[in-house]
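**Q** Structure incoming, see below.
The values are calculated or read from the model by the stated rules, or taken from the named source; none is laboratory data. Model, not experiment: these values are computed from the prediction. Note: ideal-geometry Cβ built from the backbone for every residue, glycine included; neighbour counts use all protein chains shown.
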Amino acid sequence: MREIIRAALVIARRDYAATVFSKAFVLFLLFPLLPVIAGVGFGAMGASQDREALHPTVAVIAAPETAAAIGHAGARLIERLGPRALPRLRMVMPDGAEAVQVKRLLADGGGRGVVAVLTGGLDRPTLTGSRGGIGSVGGDIGLVLDSARQMRALDGRVPPVVDVVERPVDRAAGTDRSGRTLIARAGQFLLMFLTMILAGMLLSNMIEEKSSKVIEVLAAAVPVDAIFLGKLFAMLAMSFTGIAVWGGTVLTGLALVAGQLPAVPAPAVGWPLFLVLGLAYFTTLFLLLGALFIGIGGQAASPREVQMMSLPVTMGQMGVLAFASSSLGAPQSAMGIAAALFPWSSPFAMLARAAQGPALWPHLLAIGWQLIWVAVIVRIAAGLFRRSVLKSGGGGWFGRFRRRGMKPAV
């Protein structure tokens, strides 16, 4: 085993130096400028799923009669303007000290993304929330209150016309919830993009060396398992190099325009730990996909066969991303637990959980679970790779299958 590890490190250093110090790798580092367009498209695709999470809610602390008047006015306006023209109104009965109740609603959102709290009824309306939350719903709430006053005027009770008093606070849970939903979705997309392009690069390098008989030359000098592990480790190191370059560029750009950017809420676990977990989940996902791609590349004899065999894996990975995204915001549901347990969707689901929840112990369990599957998949893929290399030139089972299928009928 020690000999295999030592030989694998030699192969890894060879592949890393040959790839990183090449013109092609420099062009490869420039390639991620294109995902900006893909990211816009991904955001549009996920917009329909995010509407429920991002639709603001305003909690209304009022006595039953006042709450009924405000709710009725809001319902009439929604009938005319549409279901999403106004924020949702959540009626809450007074419970103890008003300031304490307002703070509690803004702190946890009541589980429903409250961005502001309305108190004071129709006579002394006060809207408390974050500046951004008040700015997004203040005009709509004023419209609802004016409509409620007009309905009272029809009953002969005309309260004085008053303006809504705005009371901004530092932060509201609904604003954080919306921002963290976006962070979770963006993190999932970035994780998929990085793993797919970097694992695809591994597959291209492998098939190029196999077609030029470099694999057979290496197999004559070192164990085949060492070739497999060496290429996997080399590509992981190249991936870290690319991520360091891209990440440094992004951080530099953000530092230059920091004063012009809107405030973004931090992930639930904090930015430093979120980035560390993101790197850990990228590593496990890359090892799972990289091992599969090397095993696939070992079965193919031409780039065309590689494309035909890797396409199901690529499409399956997009399906896995959709599976993990569907449980966004509901990690304790049956689908959320299933996404966290399935090896290929687990990194996506757990990265989203890091953005939305502060608990750390699920990540320790998830990383351990993923490492177990990495060991299993690497062992299986290494066996496939070993058999295909030792058969040397037969094109693997896929090539033999195609040749049998292409025999002319007699």
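**Q** What is the residue count in the stretch 90-107 for residues that are part of a helix (DSSP H, G or I) and either in contact with a Leu (Cβ under 7 Å, 6 or more places away or on another chain) or surrounded by 12 or more Cβ atoms within 10 Å (Cβ to Cβ) (or both)?
**A** Final tally of qualifying residues: 8.
**Q** Select from the stretch 108-146 the residues that are surrounded by fewer than 18 Cβ atoms within 10 Å (Cβ to Cβ), in contact with a Lys or Arg (Cβ under 9 Å, 6 or more places away or on another chain) and modelled with pLDDT of 80 or more and list them in ascending order.
**A** Residue satisfying the conditions is Thr126 alone.
**Q** Further, regarding this structure: Go through the stretch 227-276 residue by residue and tally those that are out of contact with any helix residue (DSSP H, G or I) (no Cβ under 9 Å at 6 or more places or on another chain) and modelled with pLDDT under 80.
**A** So the answer is 9.
**Q** Hey, another quick one. Residues of the stretch 332-365 being over 25 Å from Met196 (Cα atoms) and within 15 Å of the chain's Cα centre (by Cα), which ones?
**A** Within the stretch 332-365, Gly357 is the sole residue that qualifies.
**Q** Return the residue satisfying two criteria in turn: it lies in the stretch 354-365 and is without any contact (Cβ under 8 Å) to a residue 60 or more places away in the chain and assigned to a helix (DSSP H, G or I), and of such residues it is surrounded by the fewest Cβ atoms within 10 Å (Cβ to Cβ).
**A** Looking at the filtered set, the residue picked out is Trp361.
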